[in-house]
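Since the structure comes first, as structure tokens, the remarks are kept for the end.
The values are calculated or read from the model by the stated rules, or taken from the named source; none is laboratory data. All values reported here derive from a predicted model rather than from experimental measurement. Virtual Cβ from ideal backbone geometry, glycine too; neighbours counted across all protein chains shown.
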Amino acid sequence: MFKRQVMLECISALLILLFVYASLSKFLDFSTFYREMHNQPLPKSWTPFLVWIIPCSEIAISVSLIFERTRLLGFYGSLIVMGLFTIYTGVILMHFFPYVPCSCGGVIKRLTWTQHLILNLSFVALSIVGVIFQRRKRFTQITFKNQIKNSFV
Amino acid sequence: MKRIKWSIMSLAIIFSLCAAFATKPHWDCTTLPQYYFNGSVYLPVTQFYGCMQGITTCTYYTNNGGITYAPCTVGTYDGCAGCVVSPSQSNSNSGH
């Protein structure tokens, strides 16, 4: 139980590390991020929305991962966001789009698309483990509470 | 357990904040006008240029009025990144 709890904290910390770093580096170099987003093979009308939605959702996920009550939501959010990034990376690597843009985001921009895919897949796996552990923990807590309730009745 | 939790969390947050500030470009050459090299001369970039993945220099900048140019961004220059020519446009162009 204790081991699983420590693992949950470590997984949350790793995801927070990734999301806080990624969002902050986008905000700190916003003009470059905007240009790189505009460079992506997505509809150009999406750029003004995506440049705010992506880093803000990363911060929201990080905050929800800190607190016990919202952690499961945070793991689900992280799974969705990392899943979408992974699909996008996969699509880029399959040359689905007419050109391959540069990859963006702080030090992460130095990675190639294949390295990006591996990184994303690892974080998708971490999010899945987080969801499973957090759900199990919740289930155990509910069962324990019910047992206490029943023992008093 | 709470102590362990908050130690791990604060460590992660502090580390990510430090990393983001440490890797922030100190001086951004992209704030200056950008030029691309077309094989013989340096030309100003187009409004919606893009840098495709590559190891060569995508754009250059100058801070001495065009006497010398220094590399700025990495990649392969594309004058109109992701521009899609609509069928109506291409038809009207071919008509002339």
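Each residue in the stretch B:14-37 was checked for being surrounded by 17 or more Cβ atoms within 10 Å (Cβ to Cβ) and either more than 15 Å from the chain's Cα centre (by Cα) or over 26 Å from residue B:47 (Cβ atoms) (or both), and 4 of them qualify.
Can residue A:85 be described as more than 21 Å from residue B:22 (Cα to Cα), surrounded by fewer than 16 Cβ atoms within 10 Å (Cβ to Cβ) and aromatic (Phe, Trp, Tyr)? Here the answer is no, as residue A:85 does not meet what is asked. Can you tell me which residue in the stretch B:38-59 is surrounded by the most Cβ atoms within 10 Å (Cβ to Cβ), limited to those that are within 20 Å of residue A:110 (Cβ to Cβ) and more than 11 Å from chain A (Cβ to nearest Cβ)? Once the filter is applied, the top-ranked residue is B:57.
Of the helices (runs of 4 or more DSSP H) lying entirely inside the stretch A:6-115, those containing at least 1 residues that are more than 12 Å from chain B (Cβ to nearest Cβ) span A:47-66, A:71-93.
Residues in the stretch A:15-47 that are at pLDDT below 90 and β-branched (Val, Ile, Thr) were compared, and the one that is surrounded by the fewest Cβ atoms within 10 Å (Cβ to Cβ) is A:47.
Scanning the stretch A:28-63 for residues that are of a type in the set (Phe, Trp, Tyr) and either touching a Pro at 6+ places or on another chain (Cβ under 6 Å) or farther than 24 Å from residue B:53 by Cβ (or both) gives A:49, A:52.
Across the stretch A:116-126, a minimum of one residue is classified as within 19 Å of residue A:6 (Cα to Cα) and in contact (Cβ under 8 Å) with a residue 60 or more places away in the chain. Residue A:138: at pLDDT below 95, within 21 Å of residue B:8 (Cβ to Cβ) and part of a helix (DSSP H, G or I), yes or no? The answer is yes for residue A:138.
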